[in-house]
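**Student:** Pasting a structure here, questions to come.
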């Protein structure tokens, strides 16, 4: 059966496009194999005669897509059985509010570790509901490092501890995670989820916008321990309760079906790449190509993050001369490097080397950086 919507002489013309190296911080690069498969299935999804975007979210065809994405995520990330995987909307920014709504009430305390802009935004939202405090901060150094685990000031009567595992703007990343004992540990992993193996059992809740490592924007993944769902505040609007989405397999209302389909296909690509151990090794290799260009430049390039806190996902640096920095960004754009400008309020340069960014792109940027230094 043909979809009558597509029976109007649609033609796809292949164009010759100059290759680009996508270092965008998010939405970011997607695997070309996944994009090609989505293109092939776009008008007729697996014999349905419809696009996956046209399927009812109550249909058997979509249910298979939905459950397959959850299953793949559980397997690849080694998620224990006492956790739920939820597909929500509103991005990580909604989780900044939803977490304290569910787990923090007036007079109750929660510890927040301030390592950058997104951590600060989460902290600000928590203040609307309870009495959060900063357990540690790197703000005085312009967020050049991740605080030492021994410096964290955590109280055993805190409702939870919140961290941001990777900081896209400043290019820092947690290498080890704090042991918070009986206090639930919550992490925003938006920009490094699935880039390396993680012991999920250390966390009570992990959340991440999909648009860095998991797929297109529009899907938010929440991995939550079941006892956290049970202890959450029941006196909330329906859509803001984790229990609503848990009880309904994230299908209480219409989910972002195409985004979840793409997320499942990206997870399939990760399986084909050998899983998280293999990706972690490749991500190390990619990042070190660019960090080596910075470290061996004799101060021509200046890395922002301290070496022990450097992110493998977002490499941030400046040039010693501001005019040269402007020239560098202009010539990089002309050479096909996309997204190497720093965050709009910070400036400088940034290369985001997420899972889908190939080694060849990082080699090309490394070579461009070396040649630019020679020329200037």
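The values are calculated or read from the model by the stated rules, or taken from the named source; none is laboratory data. All values derive from a computational prediction rather than experimental measurement. As a convention, Cβ positions derive from the backbone with ideal geometry for all residues, glycine included, and neighbour counts pool all protein chains shown.
**Student:** Out of 87, 123, I need the residue that is in the same structural domain as residue 217 (by TED's automatic domain parsing), more than 23 Å from residue 177 (Cβ to Cβ) and either buried (at least 23 other Cβ atoms within 10 Å of the Cβ) or more than 17 Å from the chain's Cα centre (by Cα) (or both). Which one? First the steps, then the outcome.
**Tutor:** Details: 123 fails: more than 23 Å from residue 177 (Cβ to Cβ).
Step by step, each of 87, 123 is checked, and only 87 is in the same structural domain as residue 217 (by TED's automatic domain parsing), more than 23 Å from residue 177 (Cβ to Cβ) and either buried (at least 23 other Cβ atoms within 10 Å of the Cβ) or more than 17 Å from the chain's Cα centre (by Cα) (or both).
**Student:** When you scan region 169-198, how many residues do you find that are free of Cβ contacts under 8 Å to residues at least 40 places away in the same chain and surrounded by fewer than 20 Cβ atoms within 10 Å (Cβ to Cβ)?
**Tutor:** Adding up the residues that qualify gives 5.
**Student:** Another one. Quick check: is even one residue across region 342-354 in contact with a strand residue (DSSP E or B) (Cβ under 9 Å, 6 or more places away or on another chain), closer than 14 Å to residue 368 by Cβ, in contact (Cβ under 8 Å) with a residue 24 or more places away in the chain and surrounded by fewer than 18 Cβ atoms within 10 Å (Cβ to Cβ)?
**Tutor:** no
**Student:** Another question, if that's okay. I'd like the residue in region 359-370 that is touching a residue at least 12 places away in the same chain (Cβ under 8 Å) and surrounded by fewer than 17 Cβ atoms within 10 Å (Cβ to Cβ) and, out of all such residues, is nearest to residue 142 (Cα to Cα).
**Tutor:** The initial filter retains those residues of region 359-370 that are touching a residue at least 12 places away in the same chain (Cβ under 8 Å), namely 359, 361-366, 368-370.
Okay, now just the ones that are also surrounded by fewer than 17 Cβ atoms within 10 Å (Cβ to Cβ), so 359, 363, 370.
Details: 359: 30, 363: 29, 370: 27 Å.
It comes out as 370.
**Student:** Here is a further query. Any idea which of (1) in a helix (DSSP H, G or I); (2) touching a helix residue (DSSP H, G or I) at 6+ places or on another chain (Cβ under 9 Å); (3) outside the structural domain of residue 89 (by TED's automatic domain parsing) is the one residue 263 doesn't satisfy?
**Tutor:** (3)
**Student:** Would you list the strands (runs of 3 or more DSSP E) that sit entirely within region 59-140 and hold 3 or more residues that are within 24 Å of residue 279 (Cβ to Cβ)?
**Tutor:** Working: elements: 83-88, 109-114, 131-137.
Result: 83-88.
**Student:** Against the definition (farther than 30 Å from residue 261 by Cα and touching a strand residue (DSSP E or B) at 6+ places or on another chain (Cβ under 6 Å)), how does residue 114 come out, yes or no?
**Tutor:** Working: farther than 30 Å from residue 261 by Cα: yes; touching a strand residue (DSSP E or B) at 6+ places or on another chain (Cβ under 6 Å): yes.
Here the answer is yes, as residue 114 does meet what is asked.
**Student:** Give region 40-58 a look and list any residue that's under 27 Å from residue 212 (Cβ atoms) and in a helix (DSSP H, G or I), or say none.
**Tutor:** If we filter region 40-58 for residues that are under 27 Å from residue 212 (Cβ atoms), which is where we start, we get 40-42, 45, 51-53, 55, 57.
Those that are under 27 Å from residue 212 (Cβ atoms) and in a helix (DSSP H, G or I): 40, 41, 52, 53.
**Student:** Between 312, 289, 276, which is outside any helix (DSSP H, G or I), in contact (Cβ under 8 Å) with a residue 12 or more places away in the chain and either in the same structural domain as residue 346 (by TED's automatic domain parsing) or surrounded by fewer than 21 Cβ atoms within 10 Å (Cβ to Cβ) (or both)? Steps first, please.
**Tutor:** On the way: 289 fails: outside any helix (DSSP H, G or I); 276 fails: outside any helix (DSSP H, G or I).
Only one candidate passes the filter, namely 312.
**Student:** Oh, and also: Among the residues of region 325-341, what is the count of those that are assigned to a helix (DSSP H, G or I) and either touching a strand residue (DSSP E or B) at 6+ places or on another chain (Cβ under 8 Å) or surrounded by 15 or more Cβ atoms within 10 Å (Cβ to Cβ) (or both)?
**Tutor:** Residues flagged as assigned to a helix (DSSP H, G or I) and either touching a strand residue (DSSP E or B) at 6+ places or on another chain (Cβ under 8 Å) or surrounded by 15 or more Cβ atoms within 10 Å (Cβ to Cβ) (or both) within region 325-341 amount to 6.
Yes/no matrix, rows are residues, columns are (1) modelled with pLDDT under 95; (2) in a strand (DSSP E or B):
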site: 280; (1), (2): no, no
site: 308; (1), (2): no, no
site: 316; (1), (2): no, yes
site: 344; (1), (2): yes, no
site: 360; (1), (2): no, no
site: 370; (1), (2): no, no
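**Student:** Does region 220-231 include one or more residues that are on the phi < 0 side of the Ramachandran plot, assigned to a loop (DSSP other than H, G, I, E, B) and either surrounded by 15 or more Cβ atoms within 10 Å (Cβ to Cβ) or within 14 Å of the chain's Cα centre (by Cα) (or both)?
**Tutor:** To start, the set of residues in region 220-231 that are on the phi < 0 side of the Ramachandran plot comprises 220-231.
Subset that is assigned to a loop (DSSP other than H, G, I, E, B): none.
Taking every residue of region 220-231 in turn, none turns out to be on the phi < 0 side of the Ramachandran plot, assigned to a loop (DSSP other than H, G, I, E, B) and either surrounded by 15 or more Cβ atoms within 10 Å (Cβ to Cβ) or within 14 Å of the chain's Cα centre (by Cα) (or both).
**Student:** Another question about this same structure. Given (1) crowded, with 24+ Cβ neighbours inside 10 Å; (2) farther than 26 Å from residue 256 by Cβ; (3) without any contact (Cβ under 8 Å) to a residue 40 or more places away in the chain, where does residue 163 come up short, assuming only one miss?
**Tutor:** Going through (1) crowded, with 24+ Cβ neighbours inside 10 Å; (2) farther than 26 Å from residue 256 by Cβ; (3) without any contact (Cβ under 8 Å) to a residue 40 or more places away in the chain one by one, residue 163 breaks only (3).
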